[in-house]
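These notes are about the structure you will find just below.
The values are calculated or read from the model by the stated rules, or taken from the named source; none is laboratory data. The shown structure was predicted, so the numbers you read here are calculated from the model rather than taken from an experiment. Note: ideal-geometry Cβ built from the backbone for every residue, glycine included; neighbour counts use all protein chains shown.
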Amino acid sequence: MKYVAFIRAINVAGHASVKMTDARDAFVAAGGRNVRSYIQSGNVLFECQAREMALMLRAVKKQLTDTRAGEPDILCRSEQQLEEIVGRAPFTARDAGPTVKLYVAFLARSPRVKPRLPVSLPKEELEAVGMTDREVFIVSRRKKNGFFGFPNNFIEDALGVSATTRNWSTIIRILEQLRNVE
């Protein structure tokens with residue numbers, strides 16, 4: 001099966017730096033096939049048998065722990081799951097623009113209590129507008145200071161669940177890459 005691993009909290013603003021070559025090498029050493037990365041924010045595409053996944057992720061976490069401070073959270077989704085996420089999204093890439101960014105937060109587990117949507121953080125111009133069992137769709141609007149709020153902390157605080165967040169256009173490109181691997 002084809003998967004993407006979203007590695008949480010690496011290569012963000014110069015913190016927890018991990019070379020993507022090291023991340024790819026960790027997946028290859030753990031038995032991943034057709035391993036490649038997408039941009040520097042901790043996205044690793046790979047293939048493995050579903051029954052191998054848990055053992056493989058333990059090996060990857062151990063190897064990446066040796067290259068940085070602390071064990072990384074790695075949230076995986078299959079190609080089929082990404083297809084479903086894209087199909088259920090309450091927005092498309094066309095909804096983004098110079099004053100709006102779109103994101104998906106991948107949750108480590110289902111929240112204990114599913115919030116009533118939308119959930120917003122007006123100070124940061126963030127709004128969670130949709131949700132599946134383990135994903136949250138977020139709209140980030142440009143703040144008065146010209147910057148955009150970053151939604152990961154907002155989602156973790158609102159739901160009490162560890163998460164990693166990716167830009168919507170990144171998700172679309174990753175899915176295209178998964179589709180194009182034979």
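Being at pLDDT below 95, more than 13 Å from the chain's Cα centre (by Cα), small (Gly, Ala, Ser) and outside the structural domain of residue 158 (by TED's automatic domain parsing) is a property that does not hold for residue 96. With respect to (1) within 24 Å of residue 179 (Cα to Cα); (2) out of contact with any Pro (no Cβ under 9 Å at 6 or more places or on another chain); (3) of a type outside the set (S, T, N, Q), the lone exception for residue 137 is condition (2). Residue 47 meets each of the listed conditions (1) at pLDDT 95 or above; (2) within 27 Å of residue 180 (Cβ to Cβ); (3) out of contact with any Gly (no Cβ under 8 Å at 6 or more places or on another chain); (4) not hydrophobic (A, V, I, L, M, F, W, C) apart from (3). Residues that are touching a residue at least 12 places away in the same chain (Cβ under 8 Å) and at positive phi within segment 135-177 comprise just one, 160.
The strands (runs of 3 or more DSSP E) falling completely within segment 49-142 that include 3 or more residues that are buried (at least 18 other Cβ atoms within 10 Å of the Cβ) map to 74-78, 100-107, 126-131, 135-141.
Residues in segment 106-119: is at least one closer than 18 Å to residue 38 by Cβ and either under 14 Å from the mean Cα position of the chain (by Cα) or among the acidic types (Asp, Glu) (or both)? Yes. Among the residues of segment 152-168, are any part of a helix (DSSP H, G or I), surrounded by fewer than 22 Cβ atoms within 10 Å (Cβ to Cβ) and of a type in the set (Ser, Thr, Tyr)? Looking through segment 152-168, none of the residues is part of a helix (DSSP H, G or I), surrounded by fewer than 22 Cβ atoms within 10 Å (Cβ to Cβ) and of a type in the set (Ser, Thr, Tyr).
With respect to being without any contact (Cβ under 8 Å) to a residue 12 or more places away in the chain and either in the same structural domain as residue 104 (by TED's automatic domain parsing) or under 18 Å from residue 79 (Cβ atoms) (or both), residue 180 fits the description.
In segment 22-44, which residues are of a type in the set (A, V, I, L, M), outside any helix (DSSP H, G or I) and modelled with pLDDT of 90 or more? Selection gives 30, 35, 44. Regarding segment 103-111, can at least one residue be identified that is of a type in the set (Phe, Trp, Tyr) and either farther than 20 Å from residue 44 by Cβ or assigned by TED's automatic domain parsing to the domain that holds residue 47 (or both)? No, segment 103-111 contains no residue that is of a type in the set (Phe, Trp, Tyr) and either farther than 20 Å from residue 44 by Cβ or assigned by TED's automatic domain parsing to the domain that holds residue 47 (or both).
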